[in-house]
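The values are calculated or read from the model by the stated rules, or taken from the named source; none is laboratory data. Model, not experiment: these values are computed from the prediction. So basically every Cβ, Gly included, is an ideal-geometry build from the backbone, and we count neighbours across all protein chains shown. Only protein heavy atoms, including side chains, enter the accessible area calculation; ligands, DNA and RNA are left aside. Shrake-Rupley method; radii C 1.70, N 1.55, O 1.52, S 1.80 Å.
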Protein chains: 2
Amino acid sequence: MHAPPIENLIEQFAKLPGIGRKSAERLAFHILNMPKEYALDMARSLVEAKDKICFCEKCQNLTDVSPCAICNDTRREKSIICVVESPKDVIAIEKMREYRGLYHVLHGALSPMDGIGPDDLKISSLLERIATGEVEEVIMATNPNVSGEATAMYLCRLLKPLGVRVTRIAHGIPVGGDLEYADEVTLLRAMEGRREM
Amino acid sequence: MHAPPIENLIEQFAKLPGIGRKSAERLAFHILNMPKEYALDMARSLVEAKDKICFCEKCQNLTDVSPCAICNDTRREKSIICVVESPKDVIAIEKMREYRGLYHVLHGALSPMDGIGPDDLKISSLLERIATGEVEEVIMATNPNVSGEATAMYLCRLLKPLGVRVTRIAHGIPVGGDLEYADEVTLLRAMEGRREM
């Protein structure tokens, strides 16, 4: 019913995650109502992001310069690597402004059900980094769910024989959270992880 | 914290209506995870939509050929024009598959609070169409809210002296709706609009 160029644009928007047909229509009409420069800027950003962004040769994070700004930062501790599933996790930890070590981005987690095995993750490059002998501790900051735990366990078994310390981030009640609403597994983890006061 | 090309893409997505910073980040990372062809297709759709879509010289609907497919369709009744606020309203009425007349898209509604007056709407082109003498009835299908009603009233006063019949779509309880949950104004309209059975 729509003119083909409108229909095409709607279909492109509808391919995005979390955008249904109705939202895609709303976005397409928004673009059509805006000055042309606006659509051109968006088109340019799409192409540039794909053209300029690559994996950092060291930590595998998404970056426009390789090695990335974090790997190149001489003030950061080279002896600690924090292993995360995705670039978004790096951003989350960086926002904390406390962690001063390096990262390694796996780009996923082990999930046999979805056909994601060790070869689909950036594991070999992690092993290469450990092999240099510079690294003393690897912090597993994969997500606290089935695939994240499985990935942490798998990597732990690979890394420990290499003589490196492997740690896991603590699970427990979120700060500001309410005991009453915590699920049993979280509560169990919080009890197990209790510390002297 | 993100590499500049990623940050740019996030900012472009965040400019879209209903897309906040978090959703924009999710969309940007989705693009980065997809094959390059996918981003290029989307960029191309954006540019093509802006390049190829224009206003129909007759009904002012968005189209890639002017006059548009509906205005050019010889099987449609030229004597009835349905006046709507936006191209989306044309799509909604066309989905009904019952209306066989033409349309006129105002691209907005009168709203003095937002600084939208008669000159901001496609009214002069509507008057030109009436002036040809081909039109017998104009159906006001603007939205049943303050600005839609004001627009319908304003146009009615302009058009009636030209000797054309002006009608307004019925307001009432939506089909499948529940009397209990209808607001008073809708209920009042439904009572006023009652018909012999």
Inset, instruction - Determine if the range A:12-27 includes at least one residue that is in contact (Cβ under 8 Å) with a residue 40 or more places away in the chain and open to solvent by 30 Å² or more (accessible area, probe 1.4 Å). - result: no
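Taking residue A:37, is it more than 7 Å from every other protein chain (Cβ to nearest Cβ), acidic (Asp, Glu) and under 22 Å from residue A:108 (Cα atoms)?
On the way: more than 7 Å from every other protein chain (Cβ to nearest Cβ): yes; acidic (Asp, Glu): yes; under 22 Å from residue A:108 (Cα atoms): no.
The answer is no for residue A:37.
Please find, among A:166, A:175, the residue that is under 23 Å from residue A:76 (Cα atoms) and not acidic (Asp, Glu). Before the answer, list the steps.
Working: A:175 fails: under 23 Å from residue A:76 (Cα atoms).
Going through A:166, A:175 in turn, the sole match is A:166.
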Inset, instruction - For the range B:35-77, enumerate the residues that are open to solvent by 60 Å² or more (accessible area, probe 1.4 Å) and more than 27 Å from the chain's Cα centre (by Cα). - result: B:35, B:36, B:37
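Residues that are closer than 25 Å to residue A:26 by Cβ: list the helices (runs of 4 or more DSSP H) wholly contained in the range B:82-186 that include at least 1 such residues.
Values: elements: B:87-95, B:124-131, B:146-159.
Where helices (runs of 4 or more DSSP H) fall fully within the range B:82-186 and carry at least 1 residues being closer than 25 Å to residue A:26 by Cβ, they are B:87-95, B:146-159.
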Inset, instruction - Those residues that are under 22 Å from residue B:102 (Cα atoms) and open to solvent by 60 Å² or more (accessible area, probe 1.4 Å), I need them from the range B:159-189; list them, please. - result: B:160, B:161, B:162, B:163, B:165, B:168, B:169, B:170
